[in-house]
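Everything on this sheet refers to the single structure shown next.
The values are calculated or read from the model by the stated rules, or taken from the named source; none is laboratory data. Predicted model, so just to flag it, every value in this text is computed and none were measured. Virtual Cβ from ideal backbone geometry, glycine too; neighbours counted across all protein chains shown.
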Amino acid sequence: MIETWGLARFGAAVLGLSIAGAALAAEPPDFTGVWGNYRAPGAAAPQRGAAQAPLPLRADAKAKVDAYHALVDPIGDSPGGHCLGTGMPGSMLGSGGYPMEIVQHDNIILVVFEAHAEIRRIYLGERAKAEDLFPDRNGYSFGRWEGDKLIVETTHLKEAVDQGRYPHSENARVVEEYSLVTNDDGTKVLTSKMTMTDPEFYTQPITAEKKWQLQPGVRLLPYECNEPAWEEHLERLRQGQSDG
Amino acid sequence: MRKSTSRLWAIALALAPVAAFAHHSAIRFDLTIRDNMVTGIVKEFEAANPHTKIVLEVTDAKGTRDIEYEGHSRNNYYRAGWREGMVKVGDKITLIAAPTRDGSDGGYALGVIAADGTKF
């Protein structure tokens with residue numbers, strides 16, 4: 001009886017440890033903080049205009065993208081030049097080289113990009129009903145933890161031929177896998193492996209990888225962009241002129 | 001202090017290839033030319049996003065006139081050491097300005113040397 005009781009206590013203890021261990025293992029990593037582009041120690045500064053491999057665009061999609069570039073490239077125009085946020089996947093893949101801040105909660109992860117104060121929300125927990133969603137430049141992102149990896153699916157994007165690297169249709173679906181490691185020198189590095197599936201625009205899925213490093217002590221700066229345009233508008237109003 | 005300013009200057013130039021083109025193709029400017037210095041009197045300095053507007057009264061072989069330059073974003077200038085009030089109307093400043101491709105007036109201010117010698 002004593003042996004049985006002892007075994008039972010031992011079993012309970014093992015079970016308790018297992019549950020505690022499982023709880024610890026289930027604790028997701030914390031991505032909270034300000035992140036900047038990762039640069040490996042000793043690596044050269046990234047240069048603008050690095051050649052990009054041709055995209056496997058379908059003919060009609062390529063025609064759309066080419067028409068867009070024929071329109072804006074000669075004058076060097078871009079959405080950002082007009083204070084418009086980048087949108088997915090460009091926002092996560094670069095955002096103009098500006099830092100981003102991640103604020104992590106149990107039910108939502110906020111990604112605040114300094115550029116244009118653009119915000120991306122990654123919902124965890126309950127997924128919104130499809131009828132409650134509408135297209136957006138950053139789409140609707142829903143995430144889940146798989147161990148220490150965060151898997152994020154983004155849908156409900158707007159068609160975006162103005163994406164710098166990866167233009168896409170409104171039916172594009174982006175899946176990202178985020179993981180966090182700490183280098184030997186103590187640098188925390190966040191990696192995203194992205195796959196964009198968009199049969200309307202591409203003949204095959206697009207993949208990309210992006211790395212950031214935690215920037216302790218860095219704060220995001222305000223990024224007011226439309227103020228000069230507003231002041232010019234006010235000035236025209238003062239002078240009795242219309243914008244029309 | 002001197003060393004600190006030099007470091008900021010170095011950081012600013014190092015950041016320039018990425019930061020300067022965050023929002024603009026800058027197709028008007030020849031960004032391969034990174035040592036063109038222009039000195040003038042500040043008529044306007046509007047640190048703004050996505051790009052800063054700088055108007056200088058410049059005197060050169062073509063005469064004296066106001067020339068408008070485009071510069072990095074306010075946020076990038078801030079991180080390179082610029083602070084509010086550092087550049088005022090009437091100041092004599094120098095720009096490290098990538099010139100226009102067609103040779104017309106203007107350029108892209110890769111860096112600024114303020115009246116007190118501060119570089120950003």
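See the values below:
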| quantity | calculated |
| --- | --- |
| Unmet requirement for A:HIS105, which otherwise passes all of (1) within 29 Å of B:ARG79 (Cβ to Cβ); (2) surrounded by 13 or more Cβ atoms within 10 Å (Cβ to Cβ) | (2) |
| Residue check for A:LEU214: of a type in the set (A, V, I, L, M, F, W, C) and in contact with a Gly (Cβ under 8 Å, 6 or more places away or on another chain) | yes |
| Residue count for region A:115-149, restricted to those that are within 14 Å of chain B (Cβ to nearest Cβ), out of contact with any Pro (no Cβ under 9 Å at 6 or more places or on another chain) and part of a helix (DSSP H, G or I) | 0 |
| Identity of the residue in region A:74-95, within 7 Å of chain B (Cβ to nearest Cβ) and assigned to a helix (DSSP H, G or I), that ends up surrounded by the fewest Cβ atoms within 10 Å (Cβ to Cβ) | A:GLY81 |
| So A:ALA117, is it surrounded by fewer than 17 Cβ atoms within 10 Å (Cβ to Cβ) and within 29 Å of B:PRO50 (Cα to Cα) | yes |
| Enumeration of residues in region B:29-72 that are of a type in the set (Asp, Glu) and either within 14 Å of chain A (Cβ to nearest Cβ) or in contact with a Pro (Cβ under 7 Å, 6 or more places away or on another chain) (or both) | B:ASP30, B:GLU44, B:GLU46, B:GLU68, B:GLU70 |
| Number of positions in region A:96-114 that are within 9 Å of chain B (Cβ to nearest Cβ) and not in a loop (DSSP other than H, G, I, E, B) | 2 |
| Output for region A:165-197, where each listed residue is touching an Asp or Glu at 6+ places or on another chain (Cβ under 9 Å) and either of a type in the set (A, V, I, L, M, F, W, C) or buried (at least 19 other Cβ atoms within 10 Å of the Cβ) (or both) | A:TYR166, A:PRO167, A:HIS168, A:ALA172, A:VAL174, A:VAL175, A:GLU176, A:LEU180, A:MET194 |
| Residue check for A:GLU176: touching a residue at least 60 places away in the same chain (Cβ under 8 Å) and under 13 Å from the mean Cα position of the chain (by Cα) | yes |
| Residue within region B:31-41 that is assigned to a loop (DSSP other than H, G, I, E, B), at pLDDT below 95 and among the aliphatic types (A, V, I, L, M) present | yes |
| Residue list for region B:57-99, filter: surrounded by fewer than 15 Cβ atoms within 10 Å (Cβ to Cβ), in a strand (DSSP E or B) and in contact (Cβ under 8 Å) with a residue 24 or more places away in the chain | B:ARG65, B:GLU68, B:LYS92 |
| Test: residue in region A:156-169 that is modelled with pLDDT under 95 and in a helix (DSSP H, G or I) | no |
| Some residue of region A:214-225 being polar (S, T, N, Q), in contact with a Ser or Thr (Cβ under 7 Å, 6 or more places away or on another chain) and either at pLDDT 95 or above or assigned to a strand (DSSP E or B) (or both) | no |
| Meets criteria (surrounded by 15 or more Cβ atoms within 10 Å (Cβ to Cβ), among the small types (Gly, Ala, Ser), more than 11 Å from the chain's Cα centre (by Cα) and at pLDDT below 95) for B:ALA48 | yes |
| Odd one out for A:PRO54, checked against (1) out of contact with any Ser or Thr (no Cβ under 8 Å at 6 or more places or on another chain); (2) within 25 Å of A:GLU200 (Cα to Cα); (3) within 14 Å of chain B (Cβ to nearest Cβ) | (3) |
